[in-house]
Amino acid sequence: MQAKCGTAYLNELYEKYQSLDDGVLAKYIPELALANPDSFGICVATTNGQVFQVGESQKLFTIQSIAKAFVYGIALEDHGREYVNSKVGVEPTGEGFHSIVLDEKTNRPYNPMVNTGAIATTDLIKGNGATERLKRILQVFRLYTGRDLDINVPVFLSERATSNRNRAIAYLMLNFGMINERIEETLDLYFQQSSIMVDARDLAVMTATLANGGINPITGERALDERYVKDVISVMLTCGMYNYSGEWVYRVGIPAKSGVGGGIAATVPGKLGIGTFSPLLDTRGNSIRGMKVCEDIARDFGLHIFNVVPPKYNLQEWMDGE
Ligand code: GLN
């Protein structure tokens, strides 16, 4: 097994995939189509507090659907597992992230990683009114990232102005009594959480926090009650990459969540978090360079959950390197 240092390895990945320009920018939210297709950043944060980063790892972009994983954690903290399960399932849909489909028997959205389920978990965020509920999300995200976060207002307004499909989803769930009447407030909160600006480093620290049992490995602060860490990670594994989730587990085997802003956040429990940013997406809405990077890291360091083959590189040496 060869030794490999953290940043040197990530630089190799950066060089390898920088010229890969397959994919398209998200266009259905007009403001997202303004991203620079060349942007590419990678960061790995370990549970012992090391951070390795290359490229545009500190370029801000909107978190989009990646927020869904962390908001699910807040809903669990606010209401407990049983109640949240009565409102949102944990079953992959095999369909696109904005498909309008609910479980026929229970009327529940299938899982919290697609729009139906995420609008339902957003509805569950406690707080007195819109401002307090948004504050709660931002406070928890601050615990995950270790820094104050802002909302990209043009992206928020752009999504809100083109949101008939999400509005239809919300009204369908209201019809079935799955969410509260305060539809506009919850939708705004959903669009705002999607418009939180993060960089690849933030995503790596957030997922390293999950990998570290809910405690941010850099600040030492707890972001998520340890009872719910495995719930969040489980749905990331089974549902986090939209209708590519099954193939993702097969090929990469690391719990992950993607967003149409171009981010991917992946977590290797007990070890590390990966954050990538590249806004060129495949047809399902997953960042193409980001998926390649995760696949290489998983393969080279033997991180697939079911891997039994000696890996090419030793993870401990990587973590101990520069
Ligand atoms: N805000 C986006 C939406 O609801 C999130 C989608 C995504 O990242 N897949 O359409």
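Take 57-64, 195-202, 98-105 and order them by the average number of nearby Cβ atoms within 10 Å per residue, most first; the result is 195-202, 57-64, 98-105.
Centroid-to-centroid, using Cα positions, segment 107-179 and segment 210-288 are 18 Å apart.
Of the whole protein surface, Asp150 contributes about 100 Å² of accessible area at a 1.4 Å probe radius. Taking Thr46, Thr93 and ordering them by how much accessible surface each has at a 1.4 Å probe, largest first, produces Thr93, Thr46. Take every pair of alpha-carbon atoms less than 8 Å apart whose residues are at least six positions apart; their mean separation over the length of the chain yields a relative contact order of 28 percent.
Using only Cα atoms and rounding to the nearest 10 degrees, what angle (0 to 90) does helix 288-300 make with the longest principal axis of the chain? Once rounded, one gets 50 degrees. Helical runs assigned H by DSSP (4 residues or longer) give the chain a calculated mean residue ellipticity at 222 nm of -13500 deg cm²/dmol, each run adding -39500 (n - 2.57) before division by the residue total.
Take the chain with all the other protein chains still there, run a 1.4 Å probe, and you get 40 Å² of accessible area per residue. Over segment 208-322, what is the relative contact order in percent, taking alpha-carbon pairs closer than 8 angstrom and at least six residues apart? Computed value for segment 208-322: 20 percent relative contact order. Could you check how much of the accessible area of segment 1-109 is carbon and sulfur, as a whole percent, using a 1.4 Å probe? Heavy-atom surface of segment 1-109 belonging to carbon and sulfur, 1.4 Å probe: 47 percent.
Based on C-alpha pairs under 8 angstrom that are at least 6 apart in sequence, segment 181-258 has a relative contact order of 16 percent. Taking a ≥ b ≥ c as the square roots of the eigenvalues of the Cα gyration tensor, segment 52-149 is classed as oblate, since a/c reaches at least 1.5 and a/b does not exceed b/c. In this structure the amide hydrogen of Ile215, modeled in the peptide plane, comes within under 5 Å of the amide hydrogens of Ala223, none closer than 5 places in sequence on its chain. Determine the shape class of segment 59-116: with a ≥ b ≥ c the square roots of the Cα gyration tensor eigenvalues, call it rounded for a/c under 1.5, and otherwise prolate if a/b is greater than b/c, oblate otherwise. Because a/c hits 1.5 or more and a/b fails to exceed b/c, segment 59-116 counts as oblate.
Given the convex hull of the Cα atoms of segment 172-293, what is a quarter of its surface area in nm²? Directional mean of the projected Cα hull area for segment 172-293 stands at 8.8 nm². Applying a DSSP loop filter and a limit of 14 other Cβ atoms within 10 Å to the chymotrypsin sites (Phe, Trp or Tyr not before Pro) in segment 236-322 leaves Phe306.
With the convex hull constructed from alpha-carbon coordinates only, the chain shows a mean projected area of 14.6 nm² over all directions.
The values are calculated or read from the model by the stated rules, or taken from the named source; none is laboratory data. These numbers come from a predicted model, not from an experiment. As a convention, Cβ positions derive from the backbone with ideal geometry for all residues, glycine included, and neighbour counts pool all protein chains shown. These accessible areas exclude ligands, DNA and RNA; they are computed on the full protein's heavy atoms, side chains included. Shrake-Rupley method; radii C 1.70, N 1.55, O 1.52, S 1.80 Å.
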